[in-house]
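As structure tokens, the structure follows; a few thoughts come after it.
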Amino acid sequence: MDSKNLMSRIEALLFVAGDDGITARQLAQYLEVGVMDIEAGLSELETKYNEAEEHGITIKQLAGTYQLTTKQSVAETLQKLVENPTSQVLTSASLEVLAIIAYKQPITRAEVEDLRGVKSERPIQTLVSKALVQEVGRAEGTGRAILYGTTKEFLNYFGLKNISELPPLPTEESEEEETTDLFMTKFQEAFNE
């Protein structure tokens with residue numbers, strides 16, 4: 001395997017490994033080359049990233065694993081993204097899933113999908129990435145499905161001390177009198193500020 005091909009494959013494996021990182025030995029095993037070849041490729045990639053200003057990433061060795069990380073020189077740009085999460089408005093599907101999880105927690109994805117009648121994997125991933133929802137355990141039974149619940153960030157964002165402060169769900173009588181879902185309205189207002 002030539003050097004460029006090896007480096008592109010190392011880069012791809014580092015990207016997929018994410019925050020978990022990957023050891024040189026694992027890279028060698030996956031790429032079916034020697035550890036010394038992997039270390040040379042990693043060194044060459046690191047030099048390439050560090051010497052060129054057009055790259056915002058580099059390779060770091062942490063706790064025996066290698067991982068792609070962002071360069072310190074782009075920290076200010078990344079900080080803007082982290083500090084301004086409201087620039088990305090939640091979709092109505094995500095808001096609907098958030099309401100279901102908030103009221104029915106802990107709840108599995110399959111239970112959310114049963115209530116909604118449509119797939120909910122992507123809205124749940126969005127809510128997890130925004131730290132509004134988190135895994136809170138595993139369901140008993142076959143498959144041990146992941147249970148989801150809301151986070152402290154959810155409570156902070158909506159100004160709640162605890163989950164019991166959620167507005168009550170409308171009863172059948174109040175549904176006839178009032179056709180709008182007050183909870184969903186509050187969510188829409190909060191996310192569209």
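The values are calculated or read from the model by the stated rules, or taken from the named source; none is laboratory data. Being a predicted model, the structure only gives us computed values, none of them experimental. Please note: Cβ atoms are built from the backbone with ideal geometry, for glycine as well, and neighbour counts cover all protein chains shown. Ligands, DNA and RNA are stripped out before the accessible areas are found, and what is left, the full protein with its side chains, is counted by its heavy atoms. Shrake-Rupley method; radii C 1.70, N 1.55, O 1.52, S 1.80 Å.
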Exercise. So is Glu53 open to solvent by 40 Å² or more (accessible area, probe 1.4 Å), under 26 Å from Asp19 (Cα atoms), without any contact (Cβ under 8 Å) to a residue 40 or more places away in the chain and touching a Phe, Trp or Tyr at 6+ places or on another chain (Cβ under 7 Å) or not?
Worked result: no
Seminar exercise, completed: Scanning the stretch 89-104 for residues that are in contact (Cβ under 8 Å) with a residue 40 or more places away in the chain and touching a Leu at 6+ places or on another chain (Cβ under 8 Å) gives Leu90, Leu98, Ile101, Ala102, Tyr103
Problem set entry | Boolean, Glu32 is free of Cβ contacts under 8 Å to residues at least 12 places away in the same chain, charged (D, E, K, R) and on the phi > 0 side of the Ramachandran plot | yes
Problem set entry | Subset of the stretch 139-168 (residues that are part of a loop (DSSP other than H, G, I, E, B) and surrounded by 10 or more Cβ atoms within 10 Å (Cβ to Cβ)) | Ala139, Arg144, Ala145, Thr151, Leu160, Leu166, Pro167
Exercise. Can Thr70 be described as touching a strand residue (DSSP E or B) at 6+ places or on another chain (Cβ under 7 Å), in contact (Cβ under 8 Å) with a residue 12 or more places away in the chain and more than 30 Å from Glu140 (Cα to Cα)?
Worked result: yes
Exercise. Quick check: anything in the stretch 74-85 open to solvent by 70 Å² or more (accessible area, probe 1.4 Å) and over 24 Å from the mean Cα position of the chain (by Cα)?
Worked result: no
Exercise. For residues in the stretch 86-109 being assigned to a helix (DSSP H, G or I) and over 24 Å from Ile146 (Cβ atoms), which is modelled with the highest pLDDT?
Worked result: Thr86
